[in-house]
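Structure first, then comments.
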Amino acid sequence: MTKKELLARVMQIPGVKNEDDAANLVTAVFQALRDRITTEEADDVWAQLPSAWKAMWESGTWWEKVSARVRGMNKLNREEFIARVRMHIPSDVSAEQAVRTVFHALKEQISPGEATDVSSQLPEDLRTLWKAA
């Protein structure tokens, strides 16, 4: 899936008005997931992403400033994960729907084994959302 196709899918979420909103939403979900899993797992996911998606996976000021030792240490549960995404997207967009949509697209881009590896690092309540996506 191209970046344009990903953004078009995300723009189907009510409240997402344009490609900039969609890109910010994808980036917010990527950042939260990237911060939730280990650095090694985040690198494994990154390696399987289409080139145009990699910049969104890596973007965010905290990613650039935080050392590799700290990344992956944020043990967010489902509610905290969704709240973190909600802070970075328009208020009229369902953060949970945004997470589900991006998780689904991400799982289409990575191998089933990698999806299982990501799932194994999530708490049960967030794992349920990952698996349902």
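The values are calculated or read from the model by the stated rules, or taken from the named source; none is laboratory data. The shown structure was predicted, so the numbers you read here are calculated from the model rather than taken from an experiment. In case anyone asks, the SASA skips ligands and DNA or RNA and just uses the protein heavy atoms, side chains included. Shrake-Rupley method; radii C 1.70, N 1.55, O 1.52, S 1.80 Å.
Report the convex hull volume per residue for the chain, counting only C-alpha atoms, in Å³. Can you show the working numbers first?
On the way: hull volume 12.3 nm³, N = 133.
About 93 Å³ per residue, rounded to a whole number.
Over the chain, average the accessible area per residue using a 1.4 Å probe and give it in Å², no decimals.
I get 49 Å² per residue for this part.
Give the carbon-plus-sulfur fraction of the accessible surface of the chain in %, rounded to a whole number; probe 1.4 Å, heavy atoms of protein chains only. Before the final figure, lay out each step's value.
Values: 3350 of 6550 Å².
Answer for the chain is 51 percent, counting heavy atoms of protein chains only.
Using helices alone, what [θ] at 222 nm do you get for the chain, with -39,500 (n - 2.57) per DSSP H run of 4 or more residues, divided over all residues and rounded to the nearest 500?
Values: 9 runs with 91 residues, N = 133.
Here the helix-only value at 222 nm equals -20000 deg cm²/dmol.
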